[in-house]
Amino acid sequence: MQAIDALLARRSARALTEPAPDEGALELIFSAAARAPDHGRLRPWRFVIVRGAARERFGALLAELLRRTHPQIGEDSLQRERLKAFRAPLIVAVAAHCDGGAKIPAIEQTLAAGAAAHAMMLAAFALGFNAMWKTGDAAYDATVKQALGLESSDAIVGFLYLGTESGERAPTTRTEWRDRVRELPP
């Protein structure tokens, strides 16, 4: 697949199933992430892989967060929250570990982690897989970060759900960009 084809055809999946990217595919996906723009060569991105039985623990973590933030929530809602961990066979939490002592502003370090996440999605797509990028309250919660082995100051830029697309595919739409571009007059 040509790079331009992946860039123009990629879209988020609606449903993902097995197989997930294997170790060889993951190596390529993480290698693509490591090529993301990185002002200052700080390599601020951090990745946490969640798969297998760890998805159950991640689902429990999501449900516990919901219970903490909404004490009156019912068991049905908590179960739906737990099941989010099973949207795909593999989840990668992508975070920015910003170096506050660096000359590079934290926003640029966070953007580098976001660029790494996008590179991962493109690589997965080019390899025949697909992905969904999710955030939600869990991305901003210190307890979730700690449970994932991250620091509370780390910024989770997204949870990438990776697998093989199943079911009805989301339509590939040509996003109009012209109304978002303007040229500065001479």
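The values are calculated or read from the model by the stated rules, or taken from the named source; none is laboratory data. All of these numbers come straight from a predicted model, not from anything done at the bench. Here the Cβ positions follow ideal geometry from the backbone for every residue, glycine too, while neighbour counts run over all protein chains shown. Areas reflect the complete protein model, heavy atoms only, side chains present, ligands, DNA and RNA absent. Shrake-Rupley method; radii C 1.70, N 1.55, O 1.52, S 1.80 Å.
Quick look at the values:
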| quantity | calculated |
| --- | --- |
| Condition met for A113 (at pLDDT 95 or above, buried (at least 19 other Cβ atoms within 10 Å of the Cβ) and under 18 Å from the mean Cα position of the chain (by Cα)) | yes |
| Scan of the range 137-169 for residues that are of a type in the set (G, A, S), open to solvent by less than 40 Å² (accessible area, probe 1.4 Å) and touching a Leu at 6+ places or on another chain (Cβ under 9 Å), ordered by number | A138, G163, S166 |
| Of all residues making up the range 145-186, the number that are farther than 21 Å from A116 by Cα, modelled with pLDDT under 95 and among the polar types (S, T, N, Q) | 4 |
| Unmet criterion (only one of (1) farther than 16 Å from T164 by Cβ; (2) among the β-branched types (V, I, T); (3) touching a Gly at 6+ places or on another chain (Cβ under 6 Å)) for T17 | (1) |
| Hits in the range 124-147 (condition: under 24 Å from T164 (Cα atoms), among the hydrophobic types (A, V, I, L, M, F, W, C) and either assigned to a loop (DSSP other than H, G, I, E, B) or touching a Ser or Thr at 6+ places or on another chain (Cβ under 8 Å) (or both)) | L127, F129, A131, M132, W133 |
| Residue count for the range 16-62, restricted to those that are surrounded by fewer than 17 Cβ atoms within 10 Å (Cβ to Cβ), small (G, A, S) and not in a helix (DSSP H, G or I) | 4 |
| From the options R46, R51, residue that is in contact with a Leu (Cβ under 8 Å, 6 or more places away or on another chain), closer than 30 Å to P105 by Cα and at pLDDT 95 or above | R46 |
| Answer from A95, A88, A117, A102 - the residue that is part of a helix (DSSP H, G or I) and aliphatic (A, V, I, L, M) | A117 |
